[in-house]
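Accompanying notes for the structure given below.
The values are calculated or read from the model by the stated rules, or taken from the named source; none is laboratory data. Keep in mind that this is a model prediction, so the values were computed, not measured. Neighbour counts run over all protein chains shown; Cβ positions are idealised from the backbone, glycine included.
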Amino acid sequence: MTVETNPLLSPSPLPFALPDYDRIRPEHYLPAFREGFAEQRAEIRRITMVRSMPTFENTMEALERSGELLDRASHAFYTVSSADATAEIQAIDEELAPLMAAHRDAILLDAALYWRISQLRDALDAADLDPEQRRLVERWHREMTLAGAALDDDAKIRLTELNQHLSTLSTTFEKNLLADTNDLAVVFDDAAELDGLSAGELSAAARAAAERGLEGGYLLALPLFTGHPALAALTNRQSRRRVMQASRARGARGGEHDNRAVLSEIVALRAERATLLGYPTHAAAVTADETAGSPETVEGMLRDLAAPAARNAAAERAALQQLIDDTEADPFPLEAHDWAFYTERLRTARYDIDTAALRPWFEAERVLRDGVFAAAGRLYGVSFTERPDLPVYHPGTRTFEVIQEDGSTLGLYVLDLYTRDSKRGGAWMNPIVSQSALRGTLPVVANNLNVAQPAEGEPTLLTLNEVNTLFHEFGHALHGLFSDVTYPHFSGTNVFRDFVEFPSQVNEMWMLWPEILDSYARHHETGEPLPTGVVERLQAAQAFNQGFETSEYLAAAWLDQALHSLSAGGSIDDVAAFEASALADIGLDDPAVPTRYSSAYFAHVFSGGYSAGYYSYIWSEVLDADTVEWFQDNGGFTRENGERFRRRLLGVGGSKDPFEAYRDFRGRDAEIAPLLKRRGLDR
């Protein structure tokens, strides 16, 4: 292909260097990747063949300029492969996975490049470099060392083999999970089986069934996590049981999409790789380059939190069982599929709040514009203008230009709200173009959710959890949009894994902030605001059911650590038995409180980059809760406070040590007390 026939082979002519998705076809991707691999390797050779001694300019800056074609192809492709993974795209992804791993190793394990960077690192004290330049040298040296650049040639060969095989297995895991999640979507023939769902939810279920050719039926697609939003409303216990059983069966029911052998092999190969790199376990290798520093630190935190969380969950279970005993004509023991339903009934009894009944106040467009966008505008002085003239990778995707207070353009925000069979589960942010002063690029970031789409002409009414998810993911988007760094290595969310969730969790705070809630929480038919009493009760109920929510999360985080604490030669012969033993070890083996993700559908750690790092959500929440306290103590929702948070934390990306950046913002290190209070673990 040529630059005339393949739009990926030359810089995009569109505003913001946005990929020209109107012209890009699946057959364009692999040729662009192959050309990108060759081009960057040639650029690296030019760096290492320089006869003069290494300087920042001829080594580090040249390295950061390299790979522009590959970055362009990667961002364009991986945006699509996660959000619209057709069979053709999946086939490309499978072929590409080992090629990407081999290319990454070719750079990170390059002995000549490592020597040049080592020379710069050893001379840092005498170098005339600014702080970002110094950190760039340090980070590249650290990352190459951890990747195995100092190994001998035989070890590098085996390491490369492991990395390529692991990349293929991760792609297989995700493909299996998507297929099994689609296969296990629960079909109902009669609307009576879905009693308790709203008219909008029934409409969405009917639309989903019709799109599968099941006219007259109703289909509930499965989210990524173990539970399901419908479990809180379905009055039919058998329907709840069917949904929960389908969710928990994913990837572990035999057949071509079974993930148990895949994940077992991934765990074993990761352990072998860790040993090759000089670490006892994969968890040790991962945490060595995170803020936690070691798996022992992570284990200590999880154990400290697990005991009070399990205690609170046990008290909540007892209260739910009492409710069943008092209200059901034929009482039964509480099971996992019952928890959400009776939790909502108990919440209503205690706080006079029915969260399902709040959906009419959470119309998606108003939540987006008068909630998410409005909060960003008031805090950071940005506004959003829709750009329907720009090409998108899927018809359901929308693009907004982000404008700063002075009228200058900051970048683009892309929203892909609705679920579809070709989209992986969960919610996420990804860059389409990364900000970099060196390359002269402005950020283009995308948010993906999996909201059920109602019938044409009907409003999209969000659950309270979906509103929270939109605010959360937009926090990641702001992290990317506000990036103000020179080098692409540090752009946006390119920070330590156990720090990356911090900005997104802070952004959740504004969901219930009075000025913002009053702006977006309006009845979609009458325009009436959410009653003041409801708002007060929502805030009073924030710690309600936190025993369950903390326990299910900690169980998954612990399971991740247990899976990746195996040493080389260890194996998992029975995944279910391994999980049961691990959860019993930490006291989170309550059958009514299943782990948020079971191994066979734990995409975060087997195909999503969070291996031995799922603990990062609650690790980051320590910073988040402490930051919320700072905002509350310093005038709250003000431009001054927003600007401080933007300039000292969001904008620096990975160009600064995260704890140093936090101290610069907060004036001290974070304290854990606000987190314990938030989750009800302080009593």
Pairs where the first residue, in the range 552-572, is not assigned by TED's automatic domain parsing to the domain that holds His228 and the second is of a type in the set (Phe, Trp, Tyr) and modelled with pLDDT under 95, C-beta under 7 Å, 6+ apart: none
Of the residues in the range 442-484, how many are farther than 28 Å from Thr355 by Cα and surrounded by fewer than 24 Cβ atoms within 10 Å (Cβ to Cβ)? 2
With (1) in contact with a His (Cβ under 6 Å, 6 or more places away or on another chain); (2) exposed (fewer than 14 other Cβ atoms within 10 Å of the Cβ); (3) of a type in the set (Gly, Ala, Ser) as the list, and Gly255 as the residue in question, which single condition is left unmet? (1)
Run down Thr287, Thr297 and say which single residue is within 31 Å of the chain's Cα centre (by Cα), surrounded by fewer than 20 Cβ atoms within 10 Å (Cβ to Cβ) and closer than 30 Å to Asn494 by Cβ. Thr297
Does the range 125-136 contain at least one residue that is crowded, with 16+ Cβ neighbours inside 10 Å, under 28 Å from the mean Cα position of the chain (by Cα) and aliphatic (A, V, I, L, M)? yes
State whether the residues of the range 634-657 include one that is crowded, with 19+ Cβ neighbours inside 10 Å, without any contact (Cβ under 8 Å) to a residue 60 or more places away in the chain, assigned to a helix (DSSP H, G or I) and not assigned by TED's automatic domain parsing to the domain that holds Leu136. no
Across the range 486-498, what is the total count of residues that are surrounded by 23 or more Cβ atoms within 10 Å (Cβ to Cβ) and touching a Leu at 6+ places or on another chain (Cβ under 9 Å)? 4
Being over 15 Å from Ala452 (Cα atoms), crowded, with 18+ Cβ neighbours inside 10 Å and in contact with a strand residue (DSSP E or B) (Cβ under 7 Å, 6 or more places away or on another chain) narrows Arg242, Arg250, Arg270 down to just Arg242
Within the range 257-286, count every residue that is touching a helix residue (DSSP H, G or I) at 6+ places or on another chain (Cβ under 8 Å) and in a loop (DSSP other than H, G, I, E, B). 7
Please pick out the residue among Thr343, Thr291, Thr327, Thr355 that is among the hydroxyl-bearing types (Ser, Thr, Tyr) and out of contact with any helix residue (DSSP H, G or I) (no Cβ under 7 Å at 6 or more places or on another chain). Thr327
For the range 47-56, indicate whether the set of residues that are closer than 30 Å to Arg121 by Cβ, among the charged types (D, E, K, R), surrounded by 16 or more Cβ atoms within 10 Å (Cβ to Cβ) and not assigned by TED's automatic domain parsing to the domain that holds Leu410 is non-empty. no
Number of the exception - Thr86 against (1) without any contact (Cβ under 8 Å) to a residue 24 or more places away in the chain; (2) surrounded by fewer than 18 Cβ atoms within 10 Å (Cβ to Cβ); (3) under 26 Å from the mean Cα position of the chain (by Cα): (1)
Residues (within 16 Å of Thr486 (Cβ to Cβ), in a helix (DSSP H, G or I) and either of a type in the set (A, V, I, L, M, F, W, C) or out of contact with any helix residue (DSSP H, G or I) (no Cβ under 8 Å at 6 or more places or on another chain) (or both)) located in the range 112-144: Pro131, Leu136, Val137, Trp140
